Amino acid sequence: MRTIVKPDARQKIKLLGHLAGLDCDGDPASKTPRQQQKRDFLKEAVVQVQRPDGPMVVLRTLQTSACEQNCFYCPFRAGRSGIPRVGFGPDELAREFDRMQQAGVVKGLFLSSGSVGGGARSMDPMLASVELLRRKYAYRGYVHLKIMPGAERAQVEQALSLADRVSVNLEGANAKRLASLAPRKDFEGELLGAMRWVREIAQAQGSSFDRLRTHPAKAPSLVTQFVVGPAGESDRELLTTAERLYRGVKLARAYYSGFNPVPDTPLANAAPTPAVREHRLYQADWLLRFYGFALGDLPFDRSGALPSDVDPKLAWARQHLAGRPVEVNRASRRELLRVPGIGPRSADAILGARRQGHLRELGDLRALGAVASRAAPFVLFDGRRPPQQLGFWS
Ligand code: SF4
């Protein structure tokens, strides 16, 4: 039975913020009434996100929790009972958000939505809300706007003129995997197509985007999300798609969202995805984006899975560096980045320190920000293995 609710705007902020968090947080039906009562819905609506210049507190909300789609994993799927179907009008959302950001409660907005009347019609109120924020309320802060499947090119263009970040959520690693998660979504046309539009529009506009955004001269970033697990995809499939998007459409970031079964959905009995799988995917993704690893470098097993008991960089190093440690005083940046315990910052610090003199021991690495204990088995100092690793090699 559909729950009918007529909350005011402030109640909607709490309710829709709480509902927007269900993707990550499970389902209200799985909580006891006492646990439900204890939940602070406003805290669930106000969340911290990581931005390149540091953490930021944003309002995470939905334009509406109504949805006509039937995605198998989703708490909001059409016809599912127990979910309040609530929506904001653009004026209402813009006004409430402005009130919150004027009061210093939030610094940014992350706006998503259920789908009502198709992707294009669902995008209209989202765009209108942000347009009002930018023009009527002169808000210049951070906005992350989801591009709905089925949105039109002109809407994507408008989204890019208003938002600092847009997301096109692929959910599945490829068309076949998406079909077993969300059969009405069109992987190639609606989703990859929208990503290509984002790239084309960003390239065409260069630095001449509308000057309403936080960083007007900077093209908005594009991100995506995968639902990990229930479609039976391998880690290799997910990372293959992510790597293709990093190169092809300049995707800024992929999010790997471990699946949690939601009652009263077709995937209610599917197994939850172990947290370690999500963690390993993020580690491997990090290697692709910041450590110069290629897809072929990642230590997949025959089934395409990453090792679960060890991080992918250490697994790679055990295979490739165990007999050929890296000479810290001569290695290139790329070679240093292959060593466990050495990241981009410590690699740069090592290169800088080498211009002043030779590094002689693990303590020198530690002083430059490396995790020396992790690096120890895989490095040499002027041909000498650090004493700590003698046991490792004997
Ligand atoms: S379109 Fe979005 S909100 Fe609707 S069922 Fe699918 S994932 Fe859920």
Task: Area accessible to solvent at residue 92, 1.4 Å probe radius, in Å² - done: 40
Open item on the list: Just to check I understand the Karplus step: with θ = phi - 60° and J = 6.51 cos²θ - 1.76 cosθ + 1.60, what whole-Hz values come out for region 96-106, glycine and proline as x?
Closed with: 5, 5, 4, 4, 5, 6, 5, 7, x, 6, 9
Task: Amide H contacts under 5 Å for residue 221, placed H, 5+ residues apart - done: 165, 166
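Ignoring ligands, DNA and RNA, what percent of the 1.4 Å accessible area of the chain is carbon and sulfur?
So the carbon and sulfur contribution to the accessible surface is 51 percent.
Please state the relative contact order of region 9-273 as a whole percent: Cα pairs under 8 Å, 6+ residues apart? Mind dumping the intermediate values first?
Numbers: 504 pairs, mean separation 44.7, N = 265.
Once normalised by length, the contact order is 17 percent.
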- [ ] Be a star and scan region 107-136 for residues whose amide nitrogen sits under 12 Å from the point 7 Å along the Cα-to-Cβ vector of residue 56.
- [x] 107-111
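Quick check on my link table: of 146/218; 176/250; 185/313; 250/313; 146/185, which ones sit more than 27 Å apart, alpha carbon to alpha carbon? Display every interim value, and only then the final one.
On the way: 146/218 18 Å; 176/250 23 Å; 185/313 35 Å; 250/313 24 Å; 146/185 15 Å.
The pairs that break the limit, which is 27 Å between Cα atoms, are 185/313.
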TODO: List the pair-distance distribution P(r) of the chain, using every Cα-Cα distance, as the percent of pairs falling in each 10 Å bin from 0 up to the bin containing the longest distance, rounded to whole percents.
DONE: 5, 20, 27, 23, 15, 8, 2, 0
- [ ] Excluding residues fewer than 8 places away in the same chain, name every one of the aspartates and glutamates whose C-alpha is closer than 18 Å to that of residue 14.
- [x] 23, 25, 27, 40, 44, 91, 92, 96, 98
TODO: Please list the non-local residues whose amide H lies under 5 Å from the amide H of residue 258, H modeled 1.01 Å from N, same-chain partners needing a gap of 5 or more.
DONE: 228
Task: Computed over region 321-393: relative contact order in percent, which uses C-alpha pairs under 8 Å that are six or more apart - done: 39
Open item on the list: If you average the C-alpha positions of region 261-304 and of region 362-387 separately, how far apart do those two centres end up, in angstrom?
Closed with: 30
- [ ] Please give the calculated 222 nm ellipticity per residue for the chain, where each DSSP H segment of at least 4 residues contributes -39500 (n - 2.57) and the sum is spread over every residue; nearest 500 deg cm²/dmol?
- [x] -11000 deg cm²/dmol
Open item on the list: Calculate log10 I(q)/I(0) of region 249-394 for q = 0.13, 0.18, 0.20, 0.21 Å⁻¹, where I(q) comes from the Debye formula with a single equal point scatterer on each Cα and nothing for solvent.
Closed with: -0.66, -1.05, -1.21, -1.28
- [ ] Using θ = phi - 60° and the Karplus relation 6.51 cos²θ - 1.76 cosθ + 1.60, list the HN-Hα couplings for region 129-137 in order, rounded to whole Hz, with x at every Gly or Pro.
- [x] 4, 6, 4, 4, 4, 6, 8, 6, 9
Open item on the list: For residue 91, what accessible surface area do you get with a 1.4 Å probe? Give it in Å², rounded to 10.
Closed with: 90
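The values are calculated or read from the model by the stated rules, or taken from the named source; none is laboratory data. Fair warning: this is a prediction, and the values are worked out from it, not measured in the lab. When we count neighbours, we look across all protein chains shown, and the Cβ atoms used for this are built from the backbone with ideal geometry, even at glycine. Note: accessible area is taken over every heavy atom of the protein model, side chains too, but ligands, DNA and RNA are not part of it. Shrake-Rupley method; radii C 1.70, N 1.55, O 1.52, S 1.80 Å.
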